[in-house]
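Working notes, beginning with the structure itself.
The values are calculated or read from the model by the stated rules, or taken from the named source; none is laboratory data. Please read these numbers as outputs of a predicted model, since none were measured by experiment. As a convention, Cβ positions derive from the backbone with ideal geometry for all residues, glycine included, and neighbour counts pool all protein chains shown.
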């Protein structure tokens, strides 16, 4: 049996920041454990801490990816879903700090990396 293949395209909302990456996430219904390798380093952060605006000089407006599962085992129950990450944008704590003219926002982070996820696609024999 051929392994599942996915063709994915994600487009940014024209009113927001660019996209960072597409991830295909695979999970199992059994006790497999991932080793943690293959993680991408963060894209970076172009949020202006004085205005909260984001520069579009990193990331992409449209991402397209094709992926097939090289470790597919037709006897294993599994699921897949797609996650799309946006480049970091100003978090409400930074925007509040700017609007109120406060020097810092204590222990609150200045940025957040928004994401969108699809519904899972389940496979079972």
Check: Here are some residues: 20, 45, 56. Which one is surrounded by 15 or more Cβ atoms within 10 Å (Cβ to Cβ), within 27 Å of residue 99 (Cβ to Cβ) and modelled with pLDDT under 85?
Finding: 45
Notebook entry, point to check: Quick one: which of 52, 44 is in contact with a helix residue (DSSP H, G or I) (Cβ under 6 Å, 6 or more places away or on another chain) and in a loop (DSSP other than H, G, I, E, B)?
Noted result: 52
Check: Of all the residues that make up the range 72-87, how many are in a loop (DSSP other than H, G, I, E, B), more than 14 Å from the chain's Cα centre (by Cα) and in contact (Cβ under 8 Å) with a residue 12 or more places away in the chain?
Finding: 5
